[in-house]
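Structure first, commentary second.
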Amino acid sequence: MTLLARTGLAAALVLGSAATARPAPELPRPDDGYFQETVKVAPGVWLLMEPKFVPQPIGNVTVIEQADGLVLIDAGGSPGSARRIVHAIKGLSPKPVKAVVITHWHGDHPQGLSEVLKVWPRARTIATRATQAHLRTDSTMNTPAAPDMAANAAFQKRIQDFLPYVRRMGAEAKTPGEKAGWAATERLLHQYARDMDGAVTLPVSEGFEDRLDLPDAKAPVEIHFLGRANTDGDAVAWLPKQKILITGDIVVAPIPFGFGGYPADWIETLGKVEAYDFKVLIPGHGAPQRDRAYVGKVRAALTDVRAQVAPLAASGLALKDVQAKVDVERQARPFVGDDPWLRRWFVDDWLSPIVASAYKEAKGQPIVQSLRGE
Ligand SMILES: [Zn+2]
């Protein structure tokens, strides 16, 4: 997901005050965590990841070297991030990208595809059928299917309109960590505006139902759909020889993303994730994991949300009253401890939306995939 498309801040974006022209904005510093770094996970397998949590993230991109080309799992969150990803990939291997698997529709994963395909136009593009459908619809994607100057200008204006809110939050912040967080957010939004200039959402040509294989002698890749979780079409990639599982946003660290998630199904899907004999789990955001501790933490959080929300929903409370009664401390502490900056985003990215989903589940209402997680 992206900040513009997923958080309560989306409303602030739409309602924000008029843009203020500012020459030469300050761009992200290396330690802001916005720019992806390359991590070698195994021979022929690399991860391009942001080194820490940022409010407007770029999804992890995994690069897998096969005999006749490279397989990418996800394509970056914007044309700009994809240009950096292409540059990094060329430094890893002279082979062409032969296939790109998009794990799910949230914009921080597919919106770099257009730039990847400019460089490697013959690459196969693959997703579950559900994700393939979302990438074709206006209700989910906030970038057009073809270059559209008006849509681009409108999107750029939304980013500019959001900046006064970010500055105000920084000015009002009580702790140095929060002040630093908002200052870094302003810098990364300037970069994000540049990165998203001219963004389009391209369709994915191959959809699959349960499984699709990309065979290779040394690094075969199996793409699986395990069930609904973070979205209704999350794909995972399994490298049986390397024992690496790439989960997309079914697993996101340090803060899970809850928008449009399906709590009951998500718990089951995490059970299937845990059943893989993996040595390394590559989440949709965050560093490679070498045990099941974090997956267990996410599952416990989902189980707790359902347990908290069900009786409140059954008692007839409105969603906003249920939101107010949920035990934030119990949910947040295992993930973010006392850090107020991360706690803010834990509530925004995880707790509020997953409570909304659990409420719908308890009421028997459908969970609809949309930009606002409605
Ligand atoms: Zn993501």
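The values are calculated or read from the model by the stated rules, or taken from the named source; none is laboratory data. Quick caveat: nothing in here was measured; it's all calculated off a predicted structure. Every residue, glycine as well, gets a Cβ built from its backbone with ideal geometry; the counts of neighbours run over all protein chains shown. Accessible surface areas use protein heavy atoms only, side chains included; no ligands, DNA or RNA. Shrake-Rupley method; radii C 1.70, N 1.55, O 1.52, S 1.80 Å.
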request  = Sequence neighbours fewer than 8 away in the same chain don't count; with that in mind, list the lysines whose C-alpha is under 24 Å from Lys174.
outcome  = Lys52
query = Taking θ as phi - 60°, what are the ³J(HN,Hα) couplings along segment 74-89 by the Karplus curve (6.51, -1.76, 1.60), each to the nearest whole Hz, with x for Gly and Pro?
reply = 6, 10, x, x, 6, x, x, 5, 5, 5, 5, 5, 4, 4, 5, 4
query = Taking the alpha-carbon centroid of each part, what is the distance from segment 275-314 to segment 120-160 in angstrom?
reply = 29 Å
inquiry  = From the helices alone, meaning DSSP H stretches of at least four residues, give me the mean residue ellipticity at 222 nm for the chain, per-run term -39500 (n - 2.57), in deg cm²/dmol to the nearest 500.
reply    = -12500 deg cm²/dmol
query = Which length gain, in nm to one decimal place, applies between Asp213 and Lys243 when the Cα-Cα distance is subtracted from 0.36 nm times their residue separation?
reply = 9.3 nm
Separation in nanometres of the label points that stand 7 Å from Cα toward Cβ, at Arg330 and Glu274 = 1.9 nm
Sequence ranges 185-195, 76-86, ranked by mean other-Cβ count within 10 angstrom, highest first = 76-86, 185-195
query = Which order do Met196, Met169 take by accessible area at a 1.4 Å probe, largest first?
reply = Met169, Met196
key: 12 Å beta-carbon shell around His285, net charge (K/R +1, D/E -1)   = -4
inquiry  = Spelling out what I want: for every residue of segment 48-59, take phi, set θ = phi - 60°, compute 6.51 cos²θ - 1.76 cosθ + 1.60 (Karplus), and round to whole Hz; glycine and proline get x.
reply    = 9, 9, 6, x, 8, 5, 10, x, 10, x, 10, x
key: Label point distance in nm, Ala318-Ala171, each placed 7 Å from Cα along Cα→Cβ   = 3.2 nm
query = In whole Hz, what ³J(HN,Hα) sequence does segment 283-293 give by Karplus (6.51, -1.76, 1.60; θ = phi - 60°), x for Gly and Pro?
reply = x, x, 9, x, 6, x, 10, 10, 8, 9, 4
ask   = So for Lys325, Lys297, Lys360, what's the accessible-area order with a 1.4 Å probe, most first?
value = Lys325, Lys297, Lys360
key: Where labels lie 7 Å past Cα in the beta-carbon direction, separation of Ala24 and Lys179 in nm   = 2.5 nm
request  = Return the percentage of antiparallel bridges among DSSP beta bridges fully within the chain, rounded to the nearest 5 %.
outcome  = 65 percent
request  = Mind listing the long-range amide H neighbours of Thr125? Cut-off is under 5 Å, sequence gap 5 or more, other chains count too, H placed in the peptide plane at 1.01 Å from N.
outcome  = Val100, Ser205, Glu206
